[in-house]
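Written below as structure tokens is the structure these notes are about.
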Amino acid sequence: MKHIGILGLMVISTFLISISSKAQNNRLIVNTDQGKTTISKHIYGHFAEHLGRNIYGGIWVGPDSEIPNEDGYRLDVMKAIQNLEIPNLRWPGGCFADEYHWTDGIGDPKDRPMMVNTHWGGVVEDNSFGTHEFLNFAKKIGAEPYITGNVGSGSVEEMSKWIEYINFDGVSPMSNLRKKNGQEEPWNIKYWGVGNENWGCGGNMTAEYYANEYKRYATYARNYGANKLYKIAGGANSFDYNWTEVLMKNIPISMMDGLSIHYYTITGTWQNKTSATDFDKATYLVTLRNAAKIEELIVRHGHIMDQYDPEKKVGIIFDEWGTWFDVEPGTNPGFLFQQNTLRDAFVAAISLNIFNKHAERVHMANLAQTVNVLQAIILTNDNEIILTPTYHVFDMYKPHKDALLLSHHLSSEELSIGDDKMESLNVSTSKSEDGTVNISIANINPDKKIDLDVLLRGMDAKSVTATILTAPEINSYNSFEKKEVVKPTEFKDFKLSKESLKISVPAKSILMVRVK
Ligand code: AHR
């Protein structure tokens, strides 16, 4: 060392990234007897677009495939989704929605016209997965369908007839056509999106133009029988607060049930989104900090909505969120196929904790996307599937669905890497109908276990169970060769005494703790 000298030491220290966490008491106070808002299960929704191997090869292989299937739906994928009990599934896009013409996807599959999926890889779409295939899939997995209609290249008449086709119970040209195609009863679907990203791929419209279009389309998006549509306006691109302001000002709240927001966690730039698996600790923290910006978005869009809708009737529908990295080397750039590491699990945990916290305004959220695309919950090859770390977070977080949001106060030490810092702990608290208190905790510190003192105020707790998700490295992932590198296991490192719970939260871990 003495050969290096002072100058050498200075040079080395500027190149070393310092990782530190300020010593402080880590404390969580959970008000177990205070809560008024239910966390809608729809916050745990998903999104499957005609993009890459999401629908074709992911969900749908067709009835003649050698891959084991039920009526054309891939069995392994379907079972994994059924296990997750997903509350809703958004379809057919995304950008694809605004170039999709629903009449191409009904009737005998061999008579369905083909089209080019210009947004996603320029591949030929044979329309073998259409309205019936989607709605029957939603039924099989027990999810509510959420359809996005075409505003960008469609017409009011086309969207209006699609709704009549799906939901009308009487005798009409569209309901007769549905019956002719084998579906006697209407599906009575509720969630309907009026376009997607109409500021961009959905027509490059201004907010003022879209607000008028929305009113025109929504007028003819009819309710049939007792079924009332929940209409969702295409919302802002991330931080475009003007879009929300214009829509809230110009669209009467009697015409709009939800307003969408899209936000992707990008780590580099849109041109260089960086690798999904190859990253250092500093980059890891950048990703997680960017994920946490979801809170700023909800608060700021929410403030604007409060001016026009103080009773919070219009829900924020976060119908596209998740990580977006560079595609895996050698894969089609238009297919958006990326691996999924423990870092993605943290993005999911942090995002879901934030959505829960703002459940009064956030009525639905949809992770992008379900199979083989972006922050997928499932990856497939011809014969096998992998459950990603993100899948496991959704599995562990099930108790939060439709539970009562509990208020809490958290003091957490910070994780600092270089100039970047963020609280090490990220938490959400809720109470299930049977009185069980649910605490999801993420400790993002890659190296340090945190001793957390929890005060369960107002509770005479008797027992605790917990599940943990962690892995050898922050960039560990499940592959077809090693499918269970990242998977939940039972966790026992806690001590309970009435109102007091002490938990040793391991480094880089996500916990779901359930107290009775
Ligand atoms: O999820 C991928 C794409 O991202 C969607 O099609 C679009 O809505 C968004 O830009």
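Just so it is clear, none of the values below were taken in a lab; they were calculated from the coordinates. Note that the coordinates shown come from a computational prediction; the quantities given were computed from them, not determined experimentally. Because the Cβ atoms are built from the backbone with ideal geometry, glycine has one as well, and the counts that use them run over all protein chains shown.
Pairs 312/431; 293/357; 448/487; 312/502; 228/313: which are spaced more than 25 Å apart, C-alpha to C-alpha? Don't jump to the answer; show the numbers that get you there.
Values: 312/431 22 Å; 293/357 14 Å; 448/487 20 Å; 312/502 37 Å; 228/313 15 Å.
Checking Cα-Cα distances, 312/502 exceed 25 Å.
Could you please state, rounded to a whole Å, how far the C-alpha centre of region 108-133 is from the C-alpha centre of region 213-265?
27
Taking R0 as 25 Å, what's the FRET efficiency between residue 398 and residue 449 from their Cβ-Cβ distance, rounded to 0.05? Please list the in-between numbers first.
Values: r = 26 Å, r/R0 = 1.04.
For residue 398 and residue 449, the calculated efficiency is 0.45.
From Cα pairs below 8 angstrom and at least 6 apart in sequence, can you work out the relative contact order of the chain, rounded to a whole percent?
19
What FRET efficiency, computed as 1/(1 + (r/R0)^6) with R0 = 51 Å and r the Cβ-Cβ distance, is obtained for residue 75 and residue 280, rounded to the nearest 0.05? Don't skip to the end; give the middle numbers.
On the way: r = 39 Å, r/R0 = 0.77.
With R0 = 51 Å, the Cβ-Cβ based efficiency is 0.80.
Could you check the simple spin-label distance between residue 328 and residue 436, using points 7 Å along Cα→Cβ, in nm with one decimal?
3.4
Mind listing which chymotrypsin sites (Phe, Trp or Tyr not before Pro) in region 243-323 are in a DSSP loop and have 14 or fewer other Cβ atoms within 10 Å? List each step's numbers first, then the result.
Values: sites: 243, 263, 264, 270, 279, 284, 308, 318, 321; in loops: 270, 279.
Passing both the DSSP loop test and the Cβ count: 270.
With θ set to phi - 60° and the Karplus curve 6.51 cos²θ - 1.76 cosθ + 1.60, what are the ³J(HN,Hα) couplings of region 412-422 in order, to the nearest whole Hz, using x for Gly and Pro?
For region 412-422, the Karplus-derived couplings read 10, 5, 9, 9, 10, 10, x, 8, 9, 8, 6 Hz, x marking Gly and Pro.
Compute the length gained on full extension between residue 457 and residue 171: take 0.36 nm times their separation in residues and subtract their Cα-Cα distance, giving the result in nm to one decimal.
Working: separation 286, 0.36 × 286 = 102.96 nm, distance 5.84 nm.
Taking 0.36 nm per residue and subtracting the Cα distance, the gain is 97.1 nm.
Separation between the residue 67 and residue 290 pseudo-spin-labels, each 7 Å from Cα along Cα→Cβ, expressed in nm?
Output for this residue pair reads 2.9 nm.
For region 396-457 and region 87-102, write down the distance between their C-alpha centroids in whole Å.
Region 396-457 and region 87-102 have Cα centres spaced 34 Å from each other.
What does the charge count around residue 361 come to, taking other residues whose C-beta lies under 9 Å from its C-beta (Lys +1, Arg +1, Asp -1, Glu -1)? Working shown, then result.
Values: positive: 312; negative: 306, 360.
Net charge in that neighbourhood comes out at -1.
Using a/c under 1.5 as the rounded threshold, could you call the chain rounded, prolate or oblate? The axes a ≥ b ≥ c are square roots of the C-alpha gyration tensor eigenvalues, and prolate needs a/b larger than b/c, oblate otherwise.
Working: a/c = 1.69, a/b = 1.51, b/c = 1.12.
The shape class here is prolate.
Per 0.36 nm of contour for each residue apart, how much would the distance between residue 479 and residue 253 grow if the chain were fully extended, relative to their Cα-Cα spacing?
Numbers: separation 226, 0.36 × 226 = 81.36 nm, distance 4.68 nm.
That works out to 76.7 nm of additional length.
Quick one: if you stick a label point 7 Å off each Cα along the C-beta vector at residue 139 and residue 155, how many nm between them?
That separation, rounded to one decimal, is 3.1 nm.
Counting Lys and Arg as +1 and Asp and Glu as -1, what is the net charge of the other residues whose Cβ lies under 14 Å from the Cβ of residue 144?
Details: positive: 41, 90, 139, 140, 190, 228, 401; negative: 85, 257, 319, 402.
Neighbourhood net charge equals +3.
222 nm [θ] for the chain, helices only, -39500 (n - 2.57) per DSSP H run of 4+, per residue, to 500?
Working: 10 runs with 127 residues, N = 516.
When only DSSP H runs of four or more count, the value is -8000 deg cm²/dmol.
Toward the positive end of the charge dipole of the chain, about the Cα centre and with charges on Cβ (Lys, Arg +1; Asp, Glu -1), which of 187, 106, 294 goes farthest?
Checked the options; the winner is 294.
Roughly speaking, what is the stretch gain from residue 85 to residue 313, that is 0.36 nm per residue apart minus the C-alpha to C-alpha distance, in nm to one decimal? Spell out each step's value before the answer.
Numbers: separation 228, 0.36 × 228 = 82.08 nm, distance 2.62 nm.
Extra length from residue 85 to residue 313 when fully extended: 79.5 nm.
Where does the charge balance sit around residue 284 when Lys and Arg score +1, Asp and Glu -1, over other residues with C-beta under 12 Å from its C-beta?
On the way: positive: 281, 289, 343, 508; negative: 278, 280, 344, 420, 447, 473.
Around residue 284, the charge tally is -2.
Among the trypsin sites (Lys or Arg not before Pro) within region 354-416, which fall in a DSSP loop and have no more than 15 other Cβ atoms within 10 Å of their own Cβ?
Details: sites: 357, 361, 401; in loops: 361, 401.
Those that pass, being in a loop and sparsely packed, number zero.
How large is ³J(HN,Hα), in whole Hz, for each residue of region 90-98 in order, when computed from phi with the Karplus curve 6.51 cos²θ - 1.76 cosθ + 1.60 and θ = phi - 60°, using x for Gly and Pro?
8, 6, x, x, x, 3, 4, 4, 8
Please give the Cα centre distance for region 483-508 versus region 346-372, rounded to the nearest Å.
If we compute the Cα centre of each part, the gap is 23 Å.
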